[in-house]
Amino acid sequence: MKYNFTMGVCPASEATRCLYRTGISQENMPSFSRPTSRTLSAGAPTTVLLLLAAFITLVTAGGCTETPVTALDQPTTSFNVYFNNDALTDGKTVCDAVFPVPRSSASTTDVATAALDTLFLGPTPEERLRGYRSFFSERTAGLLKRMKIAAGTAYVDLHDRRHELTGATSSCGSAEFFSQIQRTLDKFPTINRVIFAIEGNPEVFYVWMELECDRSNDNCDPGPFASP
């Protein structure tokens, strides 16, 4: 446990530390050794009491109380991400059927980006045991390069991690890939459609996915990915 030292009463167990903090060292600390018969005088008891009172006053004035430091609860943002799960489709593989799982992150105004970053971590080990599956996993952490939302379109720019997404370009694999991302983003009212790019180049992404550049993806226009 960490402690803050503030002005107050110093516990006996902390006397040495408090002496240090109040500037009293062993060299200048009053001596309270028992007087001998040779040095004892009529005024000695009074002198000892006065020195003791002065010592207590110094320690008390500059002493320390122990106050536990407790961490404040950090605000969080909650949302869902979506994964496939054959256990929820009667054991049948339905490529575009995805199901929500709850997630949270540190509070942020860019919740959509936080949701994608979390999605790209994939299901937890416990969720995989319950049948959730995805191309995304800890290996694809940080897949998102950046995302920009403009005029209802989310421009999702990915790092080139195609070697870690093998199978994502098959007919069923691409349906799973798109469904997981689009359903995660569909929950945000400012997003009506999603256009992808790899390293700022949408044509690279859509050729990889064996899809045409057409009106649905703005003919692979790289402009929105290049602008800030």
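The values are calculated or read from the model by the stated rules, or taken from the named source; none is laboratory data. This one's a predicted model, so the numbers in the text were calculated from it and none came from an experiment. Please note: Cβ atoms are built from the backbone with ideal geometry, for glycine as well, and neighbour counts cover all protein chains shown.
Per-structure values
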quantity	calculated
Any hit, the range 116-128, residues being more than 28 Å from residue 75 (Cβ to Cβ) and either at pLDDT 95 or above or out of contact with any Cys (no Cβ under 7 Å at 6 or more places or on another chain) (or both)	yes
Filter result for residue 154 (assigned by TED's automatic domain parsing to the domain that holds residue 101, closer than 22 Å to residue 208 by Cα, touching a residue at least 12 places away in the same chain (Cβ under 8 Å) and touching a Leu at 6+ places or on another chain (Cβ under 9 Å))	yes
Checking residue 154 against (1) of a type in the set (A, V, I, L, M); (2) touching a helix residue (DSSP H, G or I) at 6+ places or on another chain (Cβ under 7 Å); (3) surrounded by fewer than 19 Cβ atoms within 10 Å (Cβ to Cβ), the condition it does not meet	(3)
Only listed residue being at pLDDT 95 or above, over 16 Å from the mean Cα position of the chain (by Cα), surrounded by 12 or more Cβ atoms within 10 Å (Cβ to Cβ) and in the same structural domain as residue 193 (by TED's automatic domain parsing), chosen from 94, 111	94
The range 171-211, subset among the charged types (D, E, K, R) and under 25 Å from residue 94 (Cβ atoms), residue surrounded by the fewest Cβ atoms within 10 Å (Cβ to Cβ)	210
